[in-house]
1. Restricting the search to the range 139-153, which residues are modelled with pLDDT of 95 or more and out of contact with any helix residue (DSSP H, G or I) (no Cβ under 8 Å at 6 or more places or on another chain)?
2. Quick one: D169 ticks every box in (1) among the charged types (D, E, K, R); (2) exposed (fewer than 12 other Cβ atoms within 10 Å of the Cβ); (3) farther than 30 Å from S16 by Cβ bar one, so which box is it?
3. All but one of (1) in a loop (DSSP other than H, G, I, E, B); (2) free of Cβ contacts under 8 Å to residues at least 12 places away in the same chain; (3) of a type outside the set (A, V, I, L, M) hold for G124; state the number of the condition that does not hold.
4. Condition check: farther than 25 Å from I161 by Cβ and out of contact with any Lys or Arg (no Cβ under 8 Å at 6 or more places or on another chain). Does H70 satisfy that?
5. Tell me, which residue of the range 72-119 that is of a type in the set (S, T, N, Q) and modelled with pLDDT of 95 or more is nearest to D53 (Cα to Cα)?
6. So, in the range 111-128, exactly how many residues are under 17 Å from C92 (Cβ atoms) and crowded, with 18+ Cβ neighbours inside 10 Å?
7. Which condition breaks for T82 when tested against (1) without any contact (Cβ under 8 Å) to a residue 40 or more places away in the chain; (2) out of contact with any strand residue (DSSP E or B) (no Cβ under 8 Å at 6 or more places or on another chain)?
8. Which of the residues belonging to the range 54-79 are buried (at least 16 other Cβ atoms within 10 Å of the Cβ) and either free of Cβ contacts under 8 Å to residues at least 12 places away in the same chain or not aliphatic (A, V, I, L, M) (or both)?
Amino acid sequence: MCDCNGSNAVKLKDPSIDVTLLKPTLEKYRDIEGSIITILQKAQDLYGYLPIDLIAHIAKETKIKPAKIHGIVTFYTQFRMTPVGKYVILLCQGTACHVNGSGAIEDAICDELNINEGETTEDGLFTLCNVACLGCCSLAPVMMINGETYGILTPDSTREILKEIRANDN
């Protein structure tokens with residue numbers, strides 16, 4: 001984040017992160033006590049995740065110690081410090097889904113995509129996240145991919161859904 005060339009432009013390790021997009025949020029909430037979570041949510045909405053150098057930038061701009069912000073980011077499960085795939089798979093592990101075979105669905109996803117829970121495929125297309133409940137118990141087992149719900153899953157139907165998404169991805 002050095003300004004060695006005098007341009008005042010902040011450069012982060014990830015070149016896809018343009019901190020000027022966050023500037024209006026930082027200006028709006030800079031002096032409002034207790035607004036750090038709002039700032040972090042907006043930053044994650046803009047960039048998809050919160051890399052450590054972005055956290056350092058937010059700390060500098062808000063005059064909040066980086067360790068405190070890092071503590072907030074690592075405490076709340078809504079925040080991510082690594083990029084996620086284009087398609088985020090939320091696999092329900094609630095009671096109804098569990099007793100109806102969500103374990104077999106997770107195995108099928110992991111096998112089909114060659115990832116484990118919490119990981120992203122090498123091509124950056126899919127990320128798998130287990131969740132406690134999606135509130136669709138009558139469709140158990142169920143998963144949600146980028147807001148679209150898929151229910152009454154079998155390992156085979158799950159594989160077909162993933163193959164179809166991959167084939168239709170532009």
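1. If we filter the range 139-153 for residues that are modelled with pLDDT of 95 or more, which is where we start, we get 139-145, 148-153.
Scanning the range 139-153 gives L139, M144, E148.
2. It is condition (3) that D169 fails.
3. Condition (2) is where G124 drops out.
4. Yes.
5. Filtering the range 72-119 for residues of a type in the set (S, T, N, Q) gives 74, 77-78, 82, 93, 95, 100, 102, 114, 116.
Retained after the next criterion (residues that are modelled with pLDDT of 95 or more): 93, 95, 100, 102, 114, 116.
On the way: Q93: 33, T95: 39, N100: 43, S102: 37, N114: 30, N116: 27 Å.
The qualifying residue nearest to D53 (Cα to Cα) is N116.
6. 3
7. Of everything listed in (1) without any contact (Cβ under 8 Å) to a residue 40 or more places away in the chain; (2) out of contact with any strand residue (DSSP E or B) (no Cβ under 8 Å at 6 or more places or on another chain), T82 misses just condition (2).
8. Once the filter is applied, which keeps residues that are buried (at least 16 other Cβ atoms within 10 Å of the Cβ) and either free of Cβ contacts under 8 Å to residues at least 12 places away in the same chain or not aliphatic (A, V, I, L, M) (or both), the range 54-79 yields H57, A59, E61, T62, H70, F79.
The values are calculated or read from the model by the stated rules, or taken from the named source; none is laboratory data. Note that the structure is predicted; figures quoted are calculated from it, not measured. Methodologically, a virtual Cβ is constructed for each residue, glycine included, from the backbone with ideal geometry; neighbour enumeration extends over all protein chains shown.
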